[in-house]
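S.K.: Mind looking over this structure? Questions follow.
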C-alpha cells in the first residue's frame, strides 16, 4: 500500500489540534499511517496518503478530526478502482460516485 497514493492536495482532512487529547486512536486505526502523536498531540505527517476512509474521524473521542468525502470526490473507490485498473489493464478516470 505504500506505493499507492491519492491525488496530491485532494484529501479533505482537517485536524483541530486544540481539541486533540493525544489518545493516539487516529494513528492506530489509519491504514496509511497519516498520523503520529508528538508532545501529546496528533500530527498529520503524510496528508497526501489519505484516502479519506474516515476511520480516524470515527474513532476520535473528541471529534478533533474532520474527513468528509461528500465535499468533493475524496473517496476510497477511486483508489480501489485505480488498483484494479492496473490488474485489468483498463484506465480509471473517475471514482464513479
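The values are calculated or read from the model by the stated rules, or taken from the named source; none is laboratory data. All values derive from a computational prediction rather than experimental measurement. Backbone-built Cβ (ideal geometry, glycine too); neighbour counts: all protein chains shown.
Matching residues to (1) surrounded by fewer than 15 Cβ atoms within 10 Å (Cβ to Cβ); (2) assigned to a helix (DSSP H, G or I):
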site	(1), (2)
26	no, yes
31	yes, no
37	no, no
43	no, no
51	no, no
58	yes, yes
63	yes, no
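S.K.: Only residues that are modelled with pLDDT of 90 or more, outside any strand (DSSP E or B) and loosely packed, with under 13 Cβ neighbours inside 10 Å: list them for region 5-18, please. Lay out the reasoning, then the answer.
M.R.: Of region 5-18, the ones modelled with pLDDT of 90 or more are 13-18.
Still in the running and outside any strand (DSSP E or B): 16-18.
Within region 5-18, 17, 18 meet the criteria.
S.K.: When you scan region 50-93, how many residues do you find that are closer than 21 Å to residue 22 by Cα and at pLDDT 85 or above?
M.R.: First, the residues of region 50-93 that are closer than 21 Å to residue 22 by Cα: 50, 52-67.
Going one step further and asking which of them are at pLDDT 85 or above, we end up with 50, 54-67.
Residues in region 50-93 being closer than 21 Å to residue 22 by Cα and at pLDDT 85 or above: 15 in total.
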